[in-house]
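The values are calculated or read from the model by the stated rules, or taken from the named source; none is laboratory data. Nothing here was measured: the structure is a model prediction, and the numbers come from that model. Every residue, glycine among them, receives a Cβ derived from its backbone with ideal geometry; neighbour counts consider all protein chains shown. Accessible surface areas use protein heavy atoms only, side chains included; no ligands, DNA or RNA. Shrake-Rupley method; radii C 1.70, N 1.55, O 1.52, S 1.80 Å.
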Amino acid sequence: MAKRAVFYLALIVFMLAAPFVFPVFKTQLATVWLMIIVALTWDMTGGQMGYNSLGNITFYGTGMYVAAVVTIALVYDVGEYTGSSGGGIYEFTDGQYFAGMFLGMLVAGLFCSLIAIVIGYITFGLRGPYFAIGTLGVAIAAGELVSNWEWVGGGQGIALPVYPGDLEDGKVLFYFLFAGTGVVLFLFLKWLYTTRFGAAINAIRDDEEKAEAMGIHTLQYKLATWAMAAFFVGIAGAISAFQLIHFEPLESAYQTINLGIFMVVCALLGGKGTLWGPVVGAILFHVFKEVTWNYLLGWQWVALGALIVATVVYFEGGVVGWLMERKPHWFNLPAKADEATGEDQP
Amino acid sequence: MEQFASNFGLLLQFPVVNLKIVIDGVMIGALFALSAYGLALVWGVMNVKNLAQGDFVIAGGYVCWWLSQKGLPALLGVPIAFLVMAGIGWVVYKVVICRVIDRDLFTTLLATFGLAIIMAQMLNLMFGSDTQSVDLGYETLYFMDGFIDVPIAKLLGVLMAAALAIGVVLFMKYSRMGQAIRATAQDVRAARVLGINTDKVYAFTFSLNAAICGAAGAIIVMVWVIQPFYGITHSVRAFVIVTAAGLGNLPGVIAAGLGIGALEQYGAHIFGIGYQQAIAVLLLLLVLVFRLLQQRRVRQSLQ
Amino acid sequence: MSAIIEVDNVSKSFGGVVANTGISLSVERGTITGLIGPNGSGKTTLFNSIVGYHPIDSGSIFFEGREISTLPVQKIARLGLLRTFQQTRIYGQMTGVDNMLISLPHRKMGFADAFGRNGPEEYERAEALLEFVGLYQKRFLRAGSLSFGQQKLLEFAMALMNEPTSLLLDEPTAGINPTLINGLIDRLQRANAEFGITLFVIEHNMRVIMNMADHIYCLAHGQLLAQGSPADIQSDQRVIDAYLGAH
């Protein structure tokens, strides 16, 4: 127990100190947290519930746009603002900026939950591959629709006001926003997976038909899980919107094959269906990506595809799954009948 | 909005426009049906939902385009794309697919999605991201006072697609390999017990699928355009068609393919070309919801 | 006595194959009712029709007076009508106890209850029921690694955990060690008597069903052939002919 406490304490200290110890890497570290958030939320449905979404990026992009629209709408007319494409002079006071940011994050999260329930109501009747393809389709379509929607800037995207004050302080703020969201999400999931809710979504993953036959409200659980995941992704999107300042619909908001697939790869690499897997995977993947990306000279996307294929084909359980096989006693896994020394009757 | 409404009004005002849209849609839909048939084949026989389907199509298109750039007759590109993609399909099966075939559905889906990314990006690196097409230089036929234009190249494309489809059907029906494929589709274990080498059957089916896609792509580059990242839209279309028609239902696949082609042309006419992917996806969701309601009536879910 | 499950003139065919024709029967509340018949006589089809695995062609099915023949599986399960599978279905990756806890009656819980944890009360109940079916020693083992017979017992315990009003059992003794069958009969009878669960049982083992059931229906060729007390059925010439293959 004491060991565990020391471990968590060290993590917290590292988390708090990181942006000051490595000041050059503030934005990089923030991105790691973003990856952790999207990987953990992807794993809620993908790993714990057995519903593999390829379209969670929809919530990220929607979160960005909702936050931007809320912030602008508090002060100006959105259509005019985006129509001027940076031509007009639009000032935001500090108060307006932070009010927009706070409200934007909140509304983004709630709006994305709502969207998840609506889309989920249609797509959760779909099992297995249909769900994955359906959600991927939704993400692709959402990007195209938004990039055709002039009111939010069309293909040009939206520019938000810059952080008022020292930009380095801004980077620290964004780091802690991401980190705070990530920690809250982690603790939330740590608790959620020990409740009956967690058991129920695991049951849906293991045998949905049996779960139905036992009278579990499967649709309700599926919708609730996805809505919770969407809430956190939406918030992450909102933070990204302020961090990026200017974003486009296809390149940065609904980036289907960048972040949309990264989150899946992170979860798989770390080990899906575990609490720590997506966290480990996100950190490993981001480090791998940052170290190799620039040396691959255009071949990085090919390498990404190869990484996906290699992970699913050869490294199914991910890092944590691999550890579980090697060191089962670390994880309190249930023993198999033939391994147990039972003196009991059959 | 007014734009959409006026586009729609045009359809009512000039009924002949409808005919033009349907003819265009049906001609391109015939090619969609071809790659959808390939998807139905691998789905039915080896239970692989191939998300790289559209990228096989695009790759086949680039084979044909590259040959015509080198001065070879473009029509020769169709059989060559067929053969080249058969080879690529075989390699893909041996390297990736045969290792995921017995695993859960998402594994195959994600593995093929990874393949799709690899293929699209490699095509992008090799040929650039511009849209490409091959001009066969044939004339265009005009009907109804010039309202309806049918390029001979498109007509030729439909004929080639039909010939290929008939060839594949005959092959499946009468050849030993075709019979083995159909036997495997019905019951893998029984087929194995009866001495069919199912691994060989799988490899053959997958490379046949890639070849069909390749030929479809080679025709598409002659009658339409290709671009490295158009693959995913073709994949979505293939899924729409197969989901609508069901597995092992060739007439259904053809009908759905032609229907999707026509509906997409209508969508493009009303909403503009900028919504191409969104329209394909919307059709997918519509088909899925429809199938879902159908299933719910028989107290089942869509598996 | 009143009927809890009423099957009224139900027919079901798959393509051209007729599985059930015009079957009418009723299961009295609080009893153990048997359903027998040669292989392929349509017993499992009838069970699947009752619990909602497929639509029926004609007729109607009532549970506690409510028409259920158009409801999906989960709604029927939430009414308190449960079934076990011929091919046992349990959550193989979880322990026995977890399998039991996931089987808590969700129909009696509100949505907020899902966010609670299981207290000592639930654990006690789970362990008591595992004890009841004789799996107490194996409660922390991975359920998927238990033998087929043990999985079957676990599935039975899970069904009891769900506190159903009525339970449909599809061949509960198939694949179970013959030495355990007496114990299983005893447990089924106790479940019926102590928990007040109405049991409707498909069974091939004549000794089991004759010892246990209050009333027995016999199907043959998709039709109801005979019904009555175990003694009646045993002496019914039509039943004997059906089993021996005479027509």
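One Cα centroid belongs to the stretch A:284-324, the other to the stretch A:213-233; the line between them spans 30 Å. Carbon-plus-sulfur accessible fraction, chain B (probe radius 1.4 Å, protein heavy atoms only): 65%.
For the stretch A:82-223, the share of accessible area belonging to carbon and sulfur comes to 67 percent (1.4 Å probe, ligands and nucleic acids excluded). Size of the stretch A:36-256: Rg and Dmax of its alpha carbons, in Å, are 18.4, 62. In chain B, the longest principal axis of the Cα atoms and the axis of helix B:176-186 are about 90 degrees apart. Angle, helix B:250-271 long axis vs. longest principal axis of chain B, Cα atoms, 0 to 90°, nearest 10? Between the helix axis and the principal axis of chain B, the angle is about 40 degrees. Here the protein assembly as shown carries DSSP beta bridges of which approximately 60% are antiparallel, counting only pairs with both residues inside. Distance between the C-alpha centres of the stretch C:105-141 and the stretch A:87-153: 40 Å, rounded to the whole angstrom.
For B:Ile148, put the label point 7 Å out on the Cα→Cβ axis and report which residues of the stretch B:15-38 keep their amide N under 16 Å from it. Under 16 Å, as judged by backbone N against the label point of B:Ile148, lie B:15-28 of the stretch B:15-38.
Once Rg and the Kirkwood radius are both taken over the C-alpha atoms of the stretch C:89-163, their ratio Rg/Rh works out to 0.96. Based on Cα contacts under 8 Å between residues 6+ apart, chain C shows a relative contact order of 27 percent. Projecting the Cα atoms of C:Asn9, C:Tyr91, C:Ile76 onto the charge dipole of chain C, computed from C-beta unit charges around the Cα centre, puts C:Tyr91 farthest toward the positive end. Of the two radii for the stretch B:2-297, the radius of gyration is 0.98 times the Kirkwood radius, both from the alpha carbons; that is the Rg over Rh value. Heavy atoms of chains A and B lose about 3600 Å² of accessible surface on contact, summed over both sides with a 1.4 Å probe. Protein heavy-atom accessible surface, 1.4 Å probe, per residue over chain A: 41 Å².
Going from the isolated chain to the complete set of protein chains, the stretch A:288-329 loses at least 20 Å² of heavy-atom accessible area (1.4 Å probe) at A:Gly298, A:Trp299, A:Trp301, A:Val302, A:Gly305, A:Ile308, A:Val309, A:Val312, A:Val313, A:Tyr314, A:Glu316. Counting only protein heavy atoms and a 1.4 Å probe, chain B has 44 square angstrom of accessible area per residue. For A:Val184 and B:Asn124, a Förster radius of 30 Å and the Cβ-Cβ distance give a FRET efficiency of 0.15, rounded to the nearest 0.05. In a simple Cβ point-charge model (Lys, Arg +1; Asp, Glu -1; nothing else charged), chain B has a dipole of about 1300 debye relative to its Cα centre. Of the residues C:Ile197, C:Phe156, A:His246, the one whose Cα sits farthest towards the positive end of the charge dipole of the protein assembly as shown is C:Phe156 (charges of +1 on Lys and Arg Cβ, -1 on Asp and Glu Cβ, taken about the Cα centre). Take the stretch C:158-239 with all the other protein chains still there, run a 1.4 Å probe, and you get 39 Å² of accessible area per residue. Along the axis of the charge dipole computed for the protein assembly as shown (Cβ charges of +1 for Lys and Arg, -1 for Asp and Glu, origin at the Cα centre), the listed residues C:Gly110, A:Val13, C:Pro38 are led at the positive end by C:Pro38. A probe of 1.4 angstrom, applied to the heavy atoms of all protein chains, finds C:Ile197 with accessible area near 10 square angstrom. For the protein assembly as shown, what class follows from the C-alpha gyration tensor (a ≥ b ≥ c being the square roots of its eigenvalues): rounded when a/c is under 1.5, otherwise prolate if a/b is larger than b/c, else oblate? Judged from the Cα gyration tensor, the protein assembly as shown comes out oblate (a/c at least 1.5, b/c at or above a/b). Residues of the stretch B:110-135 that lose at least 20 Å² of accessible area (1.4 Å probe, protein heavy atoms only) when the other protein chains are present, relative to their chain alone, are B:Leu110, B:Ala111, B:Phe113, B:Gly114, B:Ile117, B:Ile118, B:Gln121, B:Met122, B:Leu125. Placing R0 at 35 angstrom, the Cβ-Cβ distance between A:Leu114 and C:Asp113 gives a FRET efficiency of 0.90 after rounding to 0.05.
Report, to the nearest 10°, how far helix C:178-194 tilts away from the longest principal axis of the Cα atoms in chain C, using its own Cα long axis and a range of 0 to 90°. That works out to roughly 80 degrees. Interface area, chains C and A: about 3400 Å² of buried accessible surface, summed, with a 1.4 Å probe and ligands, DNA and RNA left out. Each principal axis of the stretch A:261-334 carries a Cα extent, and these read 47, 21, 18 Å when sorted largest first. Out of C:Leu180, C:Leu101, C:Leu153, any idea which swings most in a Gaussian network model of chain C, alpha carbons joined below 10 Å? Looking only at C:Leu180, C:Leu101, C:Leu153, the biggest GNM fluctuation is shown by C:Leu180. Summing +1 for each Lys or Arg and -1 for each Asp or Glu among the other residues whose beta-carbon sits under 11 angstrom from that of B:His269 gives -1.
Our summary gives chain A a relative contact order of 29 percent, counting only alpha carbon pairs under 8 angstrom and 6 or more residues apart.
The label point for A:Thr195 and the one for C:Asn182, both projected 7 Å from the Cα toward the Cβ, are 4.9 nm apart. Between A:Phe288 and A:Asn332, the modelled label-to-label distance comes to 3.0 nm, taking each label 7 Å out from Cα in the direction of the beta carbon. List for the stretch A:18-63: residues with 20 Å² or greater reduction in accessible area, all protein chains versus chain alone, probe 1.4 Å? Hits at the 20 Å² cut-off: A:Asn52, A:Leu54.
Extending 7 Å from Cα along the Cβ direction at C:Ser58 and again at B:Ile166 yields two label points whose distance is 4.6 nm. List the residues of the stretch C:62-97 whose backbone N lies under 11 Å from a point placed 7 Å from the Cα of C:Ala174 along the Cα-to-Cβ direction. Within reach of a label on C:Ala174, which here means backbone N under 11 Å from a point 7 Å along Cα→Cβ, the stretch C:62-97 contributes C:85-88. A P(r) calculated from all alpha carbon pairs of chain C, with 5 Å bins opening at zero, reads 1, 6, 14, 17, 19, 16, 13, 8, 4, 1, 0, 0 percent.
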